[in-house]
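Input: a single structure, listed below in structure tokens.
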Amino acid sequence: MKNKKKINLLLVRDTFSENSVIGELFLDGERMCDTLENPWLDNQRNISCIPEGKYKVRLRLPRESATRDYLHLLVEDVENRSYILFHRGNTAKDTRGCILVGLGSQQDFVSNSVLAMDLLIKEIVNLGGENINLIIKNK
């Protein structure tokens with residue numbers, strides 16, 4: 001029988017600069033990693049973070065992507081946007097509107113992104129890998 005438990009992700013954005021937004025990602029209430037996104041530029045495609053709000057998320061297989069050769073996350077139903085991912089990367093230059101994960105952050109930078117992504121995906125898969133909900137809030 002498939003696990004129908006909800007998986008809840010909460011992204012709390014807490015550090016805003018003209019180059020990036022740094023935040024923390026929680027999985028079912030437990031802090032998992034740091035995040036880095038583009039700054040808020042009115043949800044413009046490829047250069048802005050996405051709006052605060054609630055989103056559905058799903059696991060995205062490497063074969064579905066032309067550029068990501070590892071399991072990652074796809075944020076669904078973002079208004080006027082598509083292919084918003086959680087993926088590896090360290091600075092805003094590594095994202096075009098997506099959410100980067102890391103295990104440590106400083107101004108406009110997250111570190112240990114590969115390890116952070118691996119740990120996040122492992123936890124989500126262990127929880128069943130389905131019915132993933134994301135809430136994004138600004139602190």
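Here are the numbers:
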{"quantity": "Residue in region 84-99 that is of a type in the set (Asp, Glu) and more than 14 Å from the chain's Cα centre (by Cα) present", "calculated": "no"}
{"quantity": "Residue within region 32-55 that is closer than 17 Å to Asn133 by Cβ, free of Cβ contacts under 8 Å to residues at least 24 places away in the same chain and in a strand (DSSP E or B) present", "calculated": "no"}
{"quantity": "Residue within region 41-49 that is under 16 Å from Ile136 (Cα atoms) and crowded, with 18+ Cβ neighbours inside 10 Å present", "calculated": "yes"}
{"quantity": "In region 1-59, the residues that are among the polar types (S, T, N, Q) and on the phi > 0 side of the Ramachandran plot", "calculated": "Asn43, Asn46"}
{"quantity": "Residues located in region 12-55, provided they are touching a Leu at 6+ places or on another chain (Cβ under 6 Å) and among the polar types (S, T, N, Q)", "calculated": "Ser20, Thr35, Ser48"}
{"quantity": "In region 50-91, the residues that are over 25 Å from Ser17 (Cα atoms), surrounded by 12 or more Cβ atoms within 10 Å (Cβ to Cβ) and among the polar types (S, T, N, Q)", "calculated": "Ser65"}
{"quantity": "Given (1) out of contact with any Phe, Trp or Tyr (no Cβ under 9 Å at 6 or more places or on another chain); (2) more than 12 Å from Asn38 (Cα to Cα), index of the condition Asp108 fails", "calculated": "(2)"}
{"quantity": "Any hit, region 62-69, residues being of a type outside the set (Asp, Glu) and touching a residue at least 24 places away in the same chain (Cβ under 8 Å)", "calculated": "no"}
{"quantity": "Number of the exception - Gly29 against (1) surrounded by 12 or more Cβ atoms within 10 Å (Cβ to Cβ); (2) within 25 Å of Leu119 (Cα to Cα)", "calculated": "(1)"}
{"quantity": "Selection within region 114-139 - more than 22 Å from Glu76 (Cα to Cα) and part of a helix (DSSP H, G or I)", "calculated": "Val114, Leu115"}
{"quantity": "Residue match in region 58-79 (condition: in contact with a Cys (Cβ under 7 Å, 6 or more places away or on another chain), of a type in the set (A, V, I, L, M, F, W, C) and in a strand (DSSP E or B))", "calculated": "no"}
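Matching residues to (1) in contact with a helix residue (DSSP H, G or I) (Cβ under 6 Å, 6 or more places away or on another chain); (2) surrounded by fewer than 17 Cβ atoms within 10 Å (Cβ to Cβ); (3) closer than 15 Å to Leu59 by Cβ; (4) of a type in the set (Ser, Thr, Tyr):
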position	(1), (2), (3), (4)
Gly97	no, no, no, no
Gly104	no, yes, no, no
Phe109	no, no, no, no
Ser113	no, no, no, yes
Asp118	no, yes, yes, no
Ile132	no, no, yes, no
Lys137	no, yes, no, no
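Just so you know, all these numbers are worked out from the coordinates, no wet-lab data involved. Every value quoted in this text rests on a predicted model; they were computed, and no experiment measured them. All Cβ positions, glycine included, derive from the backbone under ideal geometry; neighbour counts span all protein chains shown.
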